[in-house]
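No lab work stands behind these numbers, since they all come straight from the coordinates. Quick caveat, the model's predicted, so the values are computed rather than measured. Counting neighbours? That spans all protein chains shown, and the Cβs are built from the backbone with ideal geometry, glycine included.
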Amino acid sequence: MWGSSIIPGKYIDPEKLSMALDILRSRGLSFDEAFMLCPNPFIHEQINRIYDIVYDYCRFINIMIHVNDLTRIKIGVISEDDGILIISDSFPKLNEQRNNILALESHGFDKIEILFPVIPGANDSDITDVLKFCRVRGLRLRFIGGPPLDERLDISSIFSRLKDVDLGEPCGYFMGCYSRRMAFYRDFPFQVLSRYYRDPCNIVYMNNANLVGKCPLSEEMYRVEELSKVDPTKCKCPLNPKTLTLIPKVKISFLTGNGVEIHEEELEILDMIDRNWSIRYIAEK
């Protein structure tokens, strides 16, 4: 994953990106997918160079772009094999851009997905409208339950109550940190993504300050030059909660008929006397 807006107007240095990937590959790491998180990556002066570098290391590139920014996509830069993840938080916005989505399809891009965030208090009719829209258009669809650390929303319960929707079991992960499950609206398959604490989360993140860490929420970020000494894949994952592990511990005692309690330590001594027939031996031990 790469790209961020923590420093407005600053973009990843292609040479730093290449150096970081070289170091990671020298450790035997390989990546199936790259996600471009920059709000508008196509104004990067060296976007073609960035793409060439990433294509050498990853099988697929996924572009996450807001539905209102579809016209900024440069057709000549991206490949037909790339995934285009269109983020839309309302059905009216999505419906307004239907012609721009059709234009992308007409250029041969068939890996277009709608990524629809579901927020607390989400309207069931909005969700149903999106389902109908994608079903008619044949678009892939993922509903996502907010940020990975958002505790306020149980997205599965929303889809469980919707008419004509069948929710399946978890079947994998998305972006390394979301639990993915298949669902069906009548005969139309779609995916529901919910927060999931997974350690390790299989993510390496590079931001536009050319710092590398575990993921966008990491407190530990390192300069590319430090990667020869630090392995970002082994850094603490901020998505993994601090859990308290409790180990059962049981103590046994007996109560005699006249109310005398024989504790565990006394039972152990009596057992040793019974097995060794010698109080002196037990005292020496």
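Please work out how much length the chain gains when fully extended from Asp89 to Ile75, using 0.36 nm per residue of separation minus the C-alpha to C-alpha distance, in nm with one decimal.
2.6 nm
Separation between the Thr233 and Ser30 pseudo-spin-labels, each 7 Å from Cα along Cα→Cβ, expressed in nm?
Those two pseudo-labels are separated by 1.2 nm.
What pairs from Lys132/Lys214; Lys74/Lys111; Lys93/Lys214; Lys16/Lys214; Lys16/Lys93; Lys111/Lys234 go past 26 Å between their alpha carbons?
As for pairs spanning more than 26 Å Cα to Cα, those are Lys132/Lys214; Lys93/Lys214; Lys16/Lys93; Lys111/Lys234.
Could you grab the relative contact order for the range 17-164? Cα pairs under 8 Å, six or more apart, rounded to a whole percent.
17 percent
Please list, ordered by chain and number, the residues whose modelled amide H lies under 5 Å from the amide H of Tyr173; skip anything fewer than 5 residues away on the same chain.
Amide H neighbours of Tyr173: Arg180.
Determine the percent antiparallel among the DSSP beta bridges restricted to the range 14-234, to the nearest 5.
In the range 14-234, approximately 50 percent of DSSP beta bridges are antiparallel ones.
When the chain is fully extended, how far beyond the present Cα-Cα distance does Ser157 get from Glu225, taking 0.36 nm per residue of separation?
19.9 nm
Once R0 is set to 25 Å, what does the formula 1/(1 + (r/R0)^6) return for the Cβ-Cβ distance between Val136 and Cys58, expressed as a FRET efficiency to the nearest 0.05? Write out the running numbers ahead of the final one.
On the way: r = 32 Å, r/R0 = 1.29.
With a Förster radius of 25 Å, E is 0.20.
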